[in-house]
Amino acid sequence: MNNDMSKILRIIEPLKKTMALASYLAAENKKWQQHKFELKQEILKLWNNFEKELKTQNRYFPKSEFIDLFRKTAEEVKYMLPKGYTLYRARKIEMENFSSEVNEVINTAIKDSYKYQKNENIWEYIEHISPEEWENDYINKFSLQNIKFWGFNSEDSDAPLRSNTQGRVNPIGISYLYTACDVNTAIAEIQPTIEQTISIAKIETLKELKLFNFDFHNAFKDSALFKKPLREFAKRKGMSYFDFKLIFDTISELFSKPILGDTNNYYATQYISEFLKHLEFDGIKYKSSLEKGGLNIVLFDTSKHNENKLKNYEIVSSSLHRITNVKITSKEILPRKTTKT
């Protein structure tokens, strides 16, 4: 009996230790989740107070604690956008803005569609022109081989000289170049409707640019501080690495959140943008609020050299796109589904 009991105890003891460890880890995880929730609520409170102060008290010199917190997140950012990086800008375009070359293509296509008794939309007809016919009757006929701008020209594809509207990053009167990292995100950002025609400008950076990147990993992967031990990180920043990441990610969410048409809600994001420009960043990279997984880049400096050439980027071409579908997906969240027994 004693031998059997000894065997049982030898089996039970490790299990008790494992269960105790699991219980401890579960308790610690619960504490961490509670801490995360409370810290996030504190950041949201600071943001809301910051926004309120900008709207109703101090438009240009806020005393908010949020600025000091944000400054800590900006000090270590070293994200560099390489020279030759491709960006895209979308603009809605009307027929009266088409170039003479595009109008020649359209008018010829209209005549041909009648000749072949096609009942398609003219854009659909152009899409279905055979490669041989397109080469002979359009490209060669109108000498379109070297046409780079099928949509807006270089000047109209660029940021306006003076912005008459305010955006997430720019105050009214100040012009920045809003771009996206892919075509679909660029189109989504202007919220088009079906059958609209869109001009997509292709833009390339002319030199390496320093951006404030709201993606935590890419923003800090080259920071020397983030390669130090966690204890030293906490000593330098006055907070743990994990708290720092939570704060940064929360600010990123707040910067990218949909505004829903009320441009007064841009005050906070505009102030942050001006603050970053003051810290000598060339622009900002942030998540799209309209295209899942999409990324936007805004460049601050849209100035030119004396010879009228852009300093930081070049608009190399533009193309025309037709909106054929605007897809929206949803998931019902209330009322909750119940399983009947």
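Computed values, structure above
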| quantity | calculated |
| --- | --- |
| Angle between the chain longest axis and helix 267-278 axis [Cα atoms, degrees, rounded to 10] | 90 degrees |
| Sites Gln41 and Ser240, calculated FRET efficiency, Cβ-Cβ separation with R0 22 Å, nearest 0.05 | 0.80 |
| Angle between the chain longest axis and helix 241-256 axis [Cα atoms, degrees, rounded to 10] | 30 degrees |
| Beta bridge orientation in the chain: antiparallel %, DSSP, nearest 5 | 90 percent |
| Qualifying trypsin sites (Lys or Arg not before Pro) in segment 217-292, DSSP loop, other Cβ atoms within 10 Å at most 13 | Lys221, Lys292 |
| Over the chain, relative contact order from alpha-carbon pairs under 8 Å, at least 6 apart, % | 26 percent |
| Backbone HN-Hα couplings from phi across segment 309-324 [Karplus 6.51/-1.76/1.60, Hz, Gly and Pro as x] | 9, 4, 7, 9, 7, 10, 8, 8, 6, 8, 10, 9, 10, 10, 6, 9 |
| Exposure proxy ranking, count of Cβ atoms within 10 Å, fewest first, for Arg336, Arg59, Arg89 | Arg336, Arg59, Arg89 |
| Label-to-label distance, nm, for residues given as Arg336 and Lys31 (7 Å Cα→Cβ offset) | 2.9 nm |
| Radius of gyration and maximum dimension Dmax of the chain, Cα, Å | 27.9, 103 |
| Order by protection proxy (mean Cβ within 10 Å, highest first), peptides 74-80, 138-144 | 74-80, 138-144 |
| Neighbour-limited loop hits for GluC sites (Glu not before Pro), segment 210-283 (at most 12 other Cβ within 10 Å; DSSP other than H, G, I, E, B) | Glu280 |
| Leu177 long-range amide H proximity, modeled H, under 5 Å | Leu299 |
| Residues Asp249 and Lys141, FRET efficiency given R0 of 51 Å [Cβ-Cβ distance, rounded to 0.05] | 0.35 |
| Karplus 3J(HN,Hα) series, Hz, for segment 184-195 with 6.51 cos²θ - 1.76 cosθ + 1.60 (x for Gly, Pro) | 4, 5, 4, 5, 4, 5, 9, 6, x, 10, 4, 6 |
| Listed peptides 193-202, 27-36, 94-103 by packing density, highest first (mean Cβ within 10 Å) | 193-202, 94-103, 27-36 |
| Proximal lysines relative to Lys331, as straight alpha-carbon distance under 24 Å, when same-chain residues fewer than 8 apart are discounted | Lys257, Lys287, Lys292, Lys340 |
| Aspartates and glutamates with Cα under 16 Å of Lys235, excluding same-chain neighbours fewer than 8 positions away | Glu75, Glu76, Asp243 |
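FYI, it's all coordinate maths here, none of it is from the lab. Just so it is clear, the structure is predicted and the values come from calculations on it, not from any experiment. Here Cβ is always computed from backbone atoms with ideal geometry, including for glycine, and neighbour counts include all displayed protein chains.
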